[in-house]
Amino acid sequence: MTASQLWPLYEIFIRARGGLDHKHVGSIHAVDARMALEHARDVYTRRLEGVSIWIVRSTDIIASDPADADSLFEPARDKVYRHPTFYEIPDEVKTL
Amino acid sequence: MYSQGLDNPPPERMVPAAAVAGGPGERFQLRVDAEEKIEPKDWMPDGYRQTLIRQISQHAHSEIVGMLPEGNWITRAPSLLRKCILIAKVQDEGGHGAYLYSAAETLGVSREELVDQLLSGKAKYSSIFNYPTPTWADVGAIGWLVDGAAIMNQIPLCRCSYGPYARAMVRVCREESFHQRQGYEIMLKLSQGTAAQREMAQAALNRWWWPSLMMFGPSDNDSKHSTQSMRWKIKRFSNDELRQKFVDFTIPQADYLGLKVPDPELRWDAGADCYRFGPIDWTEFDEVLKGHGPCNRERLDARRKAHAEGAWVREAALAYAAKSRPATAGRAA
Ligand SMILES: [Fe+2]
Ligand SMILES: [Fe+2]
């Protein structure tokens, strides 16, 4: 098969129940979105694992580089004052 | 998993990660030691990547080839319900293959390469699927023993250091329990049936017992590549540990059926709190692995035929998708 004959890859996200986020479950090869949806149904929801499916072309996902994780997330590291536990409140003060 | 017995990469791949102090190899090993999961875009030693590609794809191939011996019985299952159950099980195995191929692809290998490796005979799959299924009882024995052994292998893989493999295994393990239970139930029904049915169940157990024990791979003394896989936390238990656990779980189940495993040396060792079993015939294992099992040829021929006969469907689907795509939303497929 030449490269142009390969079926593109789609990432599959499933909402397990109403009220929950869609969660990444895996990927699937399909010729188009409709086939991806149908195959995702067969591969990932054979036991009522979901009430909704999202599919995204894998090449459309833009991801951060793990090598950049330090510099990317570093700004949040020293901002402990963003957490409630940073503040010292006397025990006598209730419901705060 | 069906790959415990196969997970021996070529020696040149097993050069340990360069453990230069402070280097990426050392940082990688520290993350693994700390039970952090490794994700697709993370730095990893080449040996780790190659070992995983090999193991995950062999595992995927095993799921796919594993559909054949049982698929053989779908049209002849003894009732409509048994037919539905068997279709569901075989479909699950196809699904397992799909989850695992996706996991392997995250390591930078394409689905087509993997399929080609299987069809060309370059890649291995579990030897267990090179045995025939002459009777309905074989379907029972496969579910009970082969899926049972697979579960034993697969549960520790849910904690494998490579995230996509571990997550795929969680999904697989959730589905395997049904496979084992439906198989045991077939054996139960047969063992409670007529004398001929009991004989059929016993004969199937005789056929599948030793091959199932071989699924755990060579004995620890001969399994030279285990250490590195353990260090990388791809593998958590040795072949012999898992095999022993399988025997200890399975013998009482056979007793309940009133069936005997074909091992004259089998005995309970009260002191060690485990069963002792006779020696495994590794020449048989090696022969089947080399391609001289009863069905090696048939299995590969069936896969090649299915792939070749499906080619026009794959091409037509792609052509149809290209044609139906609106010109404005056009994008290279
Ligand atoms: Fe499976
Ligand atoms: Fe299974």
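The values are calculated or read from the model by the stated rules, or taken from the named source; none is laboratory data. Values in this document were obtained by computation on a predicted structure and should not be read as measured data. Cβ atoms come from the backbone with ideal geometry, glycine included; neighbour counts cover every protein chain shown. Areas reflect the complete protein model, heavy atoms only, side chains present, ligands, DNA and RNA absent. Shrake-Rupley method; radii C 1.70, N 1.55, O 1.52, S 1.80 Å.
Basic side chains Lys and Arg get +1 at the Cβ, acidic Asp and Glu get -1 at the Cβ, and with that the dipole of region A:3-86 about its Cα centre reaches some 480 debye. By the Stokes-Einstein formula, at 1.567 mPa s and 4 °C, the protein assembly as shown with its Kirkwood radius over alpha-carbon pairs has D equal to 54 µm²/s. Dipole check for the protein assembly as shown: with +1 at the C-beta of Lys and Arg, -1 at the C-beta of Asp and Glu, and the Cα centre as origin, the magnitude is about 1220 Debye. Taking only the C-alpha atoms of chain B, the Rg (one decimal) and the largest Cα-Cα distance, Dmax (whole number), read 21.3, 76 Å. Springs between Cα atoms under 10 Å define the GNM used for chain A, and in it the highest mean-square fluctuation of A:T45, A:T85, A:T59 occurs at A:T85.
Structural size metrics of region A:3-86, computed from C-alpha coordinates, are Rg and Dmax of 18.1, 57 Å. Contact residues in region A:17-58 (at least 20 Å² less accessible area with all protein chains than alone, 1.4 Å probe): A:V25, A:S27, A:H29, A:V31, A:D32, A:V43, A:Y44, A:R46, A:R47, A:E49, A:R57. Leaving out ligands, DNA and RNA, what percent of the accessible area of chain B is carbon and sulfur, probe 1.4 Å? Heavy-atom surface of chain B belonging to carbon and sulfur, 1.4 Å probe: 58 percent. Rolling a 1.4 angstrom probe over the protein heavy atoms with all chains in place gives chain B an accessible area of 45 Å² per residue. Rounded to the nearest 10 degrees, the inclination of helix A:33-44 to the longest alpha-carbon principal axis of chain A is 70 degrees. For the residue pairs A:K23/B:K233; B:K122/B:K233; B:K89/B:K245; B:K189/B:K245, alpha carbon separations are all held to 29 Å or less.
Using the Cβ-Cβ distance between B:L119 and B:H292 with R0 = 22 Å, the FRET efficiency computed as 1/(1 + (r/R0)^6) comes to roughly 0.70.
FRET efficiency for B:T227 and B:Y320, Cβ-Cβ distance as r, R0 = 51 Å, nearest 0.05? With R0 = 51 Å, the Cβ-Cβ based efficiency is 0.50.
Put a dot 7 Å past the Cα of B:D281, heading toward its Cβ, do the same for B:C84, and the two dots end up 4.1 nm apart. Summing +1 for each Lys or Arg and -1 for each Asp or Glu among the other residues whose beta-carbon sits under 9 angstrom from that of B:D220 gives -3.
Packing order of peptides B:97-103, A:90-96, A:23-29, highest average first: B:97-103, A:23-29, A:90-96 (average count of other Cβ atoms within 10 Å over each peptide's residues).
Taking all protein chains as present, what is the carbon and sulfur share of the accessible area of region A:1-58, in % to the nearest whole number, probe 1.4 Å? About 57 percent, which is the carbon plus sulfur part of the accessible surface. log10 I(q)/I(0), Debye, Cα-only region B:235-333, no solvent, q = 0.21 Å⁻¹? Debye curve over Cα of region B:235-333, log10 I(q)/I(0) at q = 0.21 Å⁻¹: -1.13. Placing a label point 7 Å from the Cα of A:S71 along the Cα-to-Cβ line, the residues of region B:18-50 whose backbone N sits under 18 Å from it are B:42-43. Accessible surface calculations at 1.4 Å, restricted to protein heavy atoms, place region A:3-86 at 68 Å² per residue.
Extent of region B:67-128 along its three principal axes (Cα atoms, max minus min coordinate, largest first): 44, 22, 17 Å.
Each 5 Å bin from 0 upward holds the following percent of the Cα-Cα pairs of region B:92-223: 2, 10, 15, 18, 18, 16, 10, 5, 3, 1, 0. Extending 7 Å from Cα along the Cβ direction at B:Q91 and again at A:V93 yields two label points whose distance is 6.0 nm. A full extension of the chain between B:E309 and B:C274 corresponds to an added length of 7.6 nm, given 0.36 nm per residue minus the alpha carbon distance.
Heavy atoms of chains B and A lose about 2100 Å² of accessible surface on contact, summed over both sides with a 1.4 Å probe. Note on B:D33 and A:H24: the model spin-label points, each 7 Å out from Cα along the C-beta direction, lie 2.8 nm apart. Packing, as the average of other Cβ atoms within 10 Å across residues, places the peptides B:57-70, B:260-273 in the order B:57-70, B:260-273, highest first. May I ask for the net charge around B:D248, where only other residues with Cβ less than 13 Å from the Cβ of B:D248 are counted and Lys, Arg are +1 while Asp, Glu are -1? Result for the neighbourhood of B:D248: -1.
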